[in-house]
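Beneath this line is the structure, given in structure tokens, with notes to follow.
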Amino acid sequence: MTTHAETGTRPETYYAGAYWGPRRESPEACAQRAAAFFNMLAACAPLLANWNKIPKPRGKGRQTPLTPPSLPALTEAFRRGVNREPGGPPIEDLGFRVGAYNDGTGQDFASVNMKCGSYAEFRIANSCVLSLPAKGANAERILTASVLTEVVRSMALAWEPDWAVAMSRPHRELDDADGKADMWLGWVTYLSHHRGTVPPLPAPVRIEPVEDRGSLIILTPERFTVANPEHIALARRVRELLAQAGLMRTAGANPPG
């Protein structure tokens, strides 16, 4: 299995992210989604079971545990995470932001940033982005198709996004080289049913349902890396097939309008 792949001198680091458009939600509703996410995430890997709120300003203030999930604590965290100009009133249509980190050290570490409740007219108004450990025992445990499939599934069920992905950052740069992609196609990708029906895809790609909400697309059973040209060729072919089915644009295509 490919493990510590590198692009040049830079480690190929991985993350998972869920993204959705404008959706007005209260701090309480955001907290319920976050609690469901943390509960499901805890079953994916031990490192992902314990989270503390990132204080504001960053790095200052006392540690505030967010797990085990407490709806009152999470609701207060989102309420305090309202977007505002310094010293000004809340900007309600920008929703709420909460960041959290775990007890890992060095590069064996994870963090999560949640933006929920925004109803501003942005293409991506809301998101949940999980940065994953770069190296160490936890990285070896988490950076597998089976674990990342469950991480993305957890995002899909908790946040009900338009799409979600687990991929490396170098792969994202390749997949969206001109910065105009409507979404990224990763090692593991989730597409909501409202985007359309996923067509048959070539081996070794696997497609799994997420209840009645959407589909997961897992490109390879082994670790997907940009160092493997067969992986990159497969990803491009799958993107082409999804574009032909109307689920996403081909790489480099201009956004509509």
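So for the stretch 134-143 (the condition being under 13 Å from the mean Cα position of the chain (by Cα) and within 25 Å of Glu211 (Cβ to Cβ)), does at least one residue qualify? Scanning the stretch 134-143 turns up no residue that is under 13 Å from the mean Cα position of the chain (by Cα) and within 25 Å of Glu211 (Cβ to Cβ).
The rows are residues; the columns are (1) without any contact (Cβ under 8 Å) to a residue 40 or more places away in the chain; (2) touching a Ser or Thr at 6+ places or on another chain (Cβ under 8 Å).
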site	(1), (2)
Arg206	yes, no
Val210	no, no
Arg213	no, yes
Leu216	no, yes
Pro221	no, no
His231	yes, yes
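Scanning the stretch 14-45 for residues that are in contact (Cβ under 8 Å) with a residue 60 or more places away in the chain, in a helix (DSSP H, G or I) and farther than 17 Å from Tyr190 by Cβ turns up Pro27, Ala29, Cys30, Ala34.
Residues in the stretch 151-189 that are aliphatic (A, V, I, L, M), in contact with a strand residue (DSSP E or B) (Cβ under 6 Å, 6 or more places away or on another chain) and outside any helix (DSSP H, G or I): Ala164, Val165, Ala166, Met183, Val188.
If you check Arg213, Arg237 for being surrounded by fewer than 22 Cβ atoms within 10 Å (Cβ to Cβ), modelled with pLDDT of 95 or more and either of a type in the set (Asp, Glu) or closer than 28 Å to Leu48 by Cα (or both), only one passes: Arg213. Residues in the stretch 136-150 include at least one that is part of a loop (DSSP other than H, G, I, E, B), closer than 30 Å to Ala31 by Cβ and not polar (S, T, N, Q). Please determine whether any residue of the stretch 150-165 is among the polar types (S, T, N, Q), surrounded by fewer than 20 Cβ atoms within 10 Å (Cβ to Cβ) and more than 13 Å from Thr13 (Cβ to Cβ). For the stretch 150-165, residues among the polar types (S, T, N, Q), surrounded by fewer than 20 Cβ atoms within 10 Å (Cβ to Cβ) and more than 13 Å from Thr13 (Cβ to Cβ): absent. In the stretch 83-117, the qualifying residues are those that are of a type in the set (Gly, Ala, Ser) and either surrounded by fewer than 15 Cβ atoms within 10 Å (Cβ to Cβ) or out of contact with any Phe, Trp or Tyr (no Cβ under 8 Å at 6 or more places or on another chain) (or both), and the one that is nearest to Arg33 (Cα to Cα) is Gly99.
Scanning the stretch 120-132 for residues that are modelled with pLDDT under 95 and in contact with a helix residue (DSSP H, G or I) (Cβ under 8 Å, 6 or more places away or on another chain) yields a single hit, Ala120.
The values are calculated or read from the model by the stated rules, or taken from the named source; none is laboratory data. Quick caveat: nothing in here was measured; it's all calculated off a predicted structure. Please note: Cβ atoms are built from the backbone with ideal geometry, for glycine as well, and neighbour counts cover all protein chains shown.
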